[in-house]
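Asker: Please read through the structure below; I'll follow up with questions.
The values are calculated or read from the model by the stated rules, or taken from the named source; none is laboratory data. Computed from a prediction, not measured in an experiment: that's the story for all the values here. Here Cβ is always computed from backbone atoms with ideal geometry, including for glycine, and neighbour counts include all displayed protein chains.
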């Protein structure tokens, strides 16, 4: 059994009405419409999201690799969420050697990772270089007071403002933004930002 520490989502330890669980599962179902080919799930945690992408991507997804820095989480994922088109491995999202070790991907999914990473620039650089030209990134993070400012979670380095989040992807050829509250995910418009605590970006390299 994987211990439920910090903000880790472990569906087997949670009730079906848990808002955090609903929010996280909804994001992966949303992302499943955008993934194809070879897919990387960055900071895959307990592995349920990697499993969703592999199962819902039947016919479009060749392989999903879930990477997490926690060996216990990787072992739990390997034992709980087997799928013939998925695999799990230990890795750090800021490791500059990841491209050499993993190759490149058609799609990268990274949910609720950015706010935990002090080396933000290295993380985003890794994501960009791990994507094939024309590849798709689906990334989410909670909104807050901005970079370098304290936030309400002891597990977060900081939480970006809406403007900071929307300025993270200058090197991509196209970017679409969405907002999330609970299971609801909608296209972003300026007058709705303050009512939705989470942002999702879909970027083409």
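Asker: Look through 173, 189, 136 and report the one residue that is more than 17 Å from residue 42 (Cβ to Cβ) and touching a residue at least 12 places away in the same chain (Cβ under 8 Å).
Answerer: None of the others qualify; the one that does is 173.
Asker: As an exercise: evaluate residue 163 against (1) in a helix (DSSP H, G or I); (2) closer than 23 Å to residue 62 by Cα; (3) out of contact with any strand residue (DSSP E or B) (no Cβ under 6 Å at 6 or more places or on another chain) and give the number of the one condition it does not meet.
Answerer: Single failed check for residue 163: (2).
Asker: Let me spell it out: the conditions are (1) crowded, with 17+ Cβ neighbours inside 10 Å; (2) over 15 Å from residue 110 (Cβ atoms); (3) at pLDDT below 95, and residue 20 meets all of them except one. Which number is the exception?
Answerer: (1)
Asker: Taking residue 155, is it outside any helix (DSSP H, G or I), farther than 22 Å from residue 61 by Cβ, modelled with pLDDT of 95 or more and touching a helix residue (DSSP H, G or I) at 6+ places or on another chain (Cβ under 8 Å)?
Answerer: no
Asker: Quick one: how many residues across the range 36-50 are in contact with a strand residue (DSSP E or B) (Cβ under 9 Å, 6 or more places away or on another chain), in a helix (DSSP H, G or I) and surrounded by fewer than 24 Cβ atoms within 10 Å (Cβ to Cβ)?
Answerer: Final tally of qualifying residues: 0.
Asker: Could you please give the count of residues in the range 61-74 that are crowded, with 16+ Cβ neighbours inside 10 Å, in a helix (DSSP H, G or I) and in contact with a strand residue (DSSP E or B) (Cβ under 6 Å, 6 or more places away or on another chain)?
Answerer: So the answer is 1.
Asker: Here is a list of conditions, (1) in a loop (DSSP other than H, G, I, E, B); (2) more than 15 Å from the chain's Cα centre (by Cα); (3) at pLDDT 80 or above, and residue 1 meets all of them except one; can you say which number that is?
Answerer: All conditions are met except number (3).
Asker: Out of 178, 172, report the one residue that is more than 19 Å from residue 32 (Cα to Cα) and either crowded, with 21+ Cβ neighbours inside 10 Å or modelled with pLDDT of 95 or more (or both).
Answerer: Result of the check over 178, 172: 172.
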